[in-house]
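What follows is a single structure, written as structure tokens, with notes after it.
The values are calculated or read from the model by the stated rules, or taken from the named source; none is laboratory data. Note that this is a predicted model, so its numbers are computed, not measured. Here Cβ is always computed from backbone atoms with ideal geometry, including for glycine, and neighbour counts include all displayed protein chains.
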Amino acid sequence: MIRSRIGAAAAVAVMTAACVGGGSGPEISVPSTTLPIPTAATFQLDSGSYEMRSARFMLTCVEEQGVTGTVTGDGGLSLDPVPFEQRDRVDQVVSECRSRLLTELPPEPEPTTEAEWRRRYDQQVETARCLARYGIVSDVPSFESWMESKGANWAAYDALGNLSREEWYGINQACPQP
């Protein structure tokens, strides 16, 4: 079961999470006093995160081809406006840079050892514990079940439910995604 407390309105949604399978992993429960869901006017990912490194790579790549823009705090890339007749060229530049990104800065590979799977699982559990402080709790599958599904049957952020953009950014700052 996933319980989600959303914002100051304290709306509670209860849903069944069939993919979690009853949760035979670590017990995560709502503390007796939960914190309000944080909000953020601006959101800044850690500068060393994959998302930020990818965005900086993309910006450098497009700038090498004459396209300008900026990296946003959430790891996105905001390109400066271009005249309509240049949009196809800009789309081509972005596509080429994405291809380069995947070969030159690939995402973290899938774990190959049980120890690597355990590290990722433990990161998810720690994030789930952080989310519980805000009343966002989910059943955690056993490590074995999670590893067997290659992490597809559960992530701590699955329990977020419907949050506003500001709440999502705030919770991401308070309890960063692993």
statement: Filtering the stretch 40-59 down to residues that are touching a residue at least 40 places away in the same chain (Cβ under 8 Å) and of a type in the set (Lys, Arg) yields Arg53
task: Considering every residue within the stretch 162-177, establish whether at least one is among the basic types (Lys, Arg) and more than 20 Å from Gln44 (Cβ to Cβ).
output: no
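Residue-wise test of (1) modelled with pLDDT of 80 or more; (2) not assigned by TED's automatic domain parsing to the domain that holds Arg98; (3) not in a strand (DSSP E or B).
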position: Val14; (1), (2), (3): no, yes, no
position: Gly22; (1), (2), (3): no, yes, yes
position: Glu27; (1), (2), (3): yes, yes, yes
position: Val30; (1), (2), (3): no, yes, yes
position: Thr33; (1), (2), (3): no, yes, yes
position: Ser54; (1), (2), (3): yes, no, yes
task: Write out, first by first residue and then by second, each pair whose Cβ atoms fall under 8 Å of each other, whose residues are 6+ apart or on separate chains, and whose first residue, in the stretch 60-79, is closer than 18 Å to Pro107 by Cβ while the second is of a type in the set (S, T, N, Q) and outside any loop (DSSP other than H, G, I, E, B).
output: Val71/Ser78; Gly75/Ser54; Leu77/Thr70
query: So is Pro83 at pLDDT 80 or above and over 30 Å from Ala152 (Cα atoms) or not?
result: yes
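Results for (1) closer than 29 Å to Pro26 by Cβ; (2) surrounded by 13 or more Cβ atoms within 10 Å (Cβ to Cβ); (3) at pLDDT 90 or above; (4) out of contact with any strand residue (DSSP E or B) (no Cβ under 9 Å at 6 or more places or on another chain), shown as yes or no for each residue.
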{"residue": "Pro111", "(1), (2), (3), (4)": "yes, yes, no, yes"}
{"residue": "Arg120", "(1), (2), (3), (4)": "yes, yes, yes, yes"}
{"residue": "Val125", "(1), (2), (3), (4)": "yes, yes, yes, yes"}
{"residue": "Tyr134", "(1), (2), (3), (4)": "yes, yes, yes, no"}
{"residue": "Trp146", "(1), (2), (3), (4)": "yes, yes, yes, yes"}
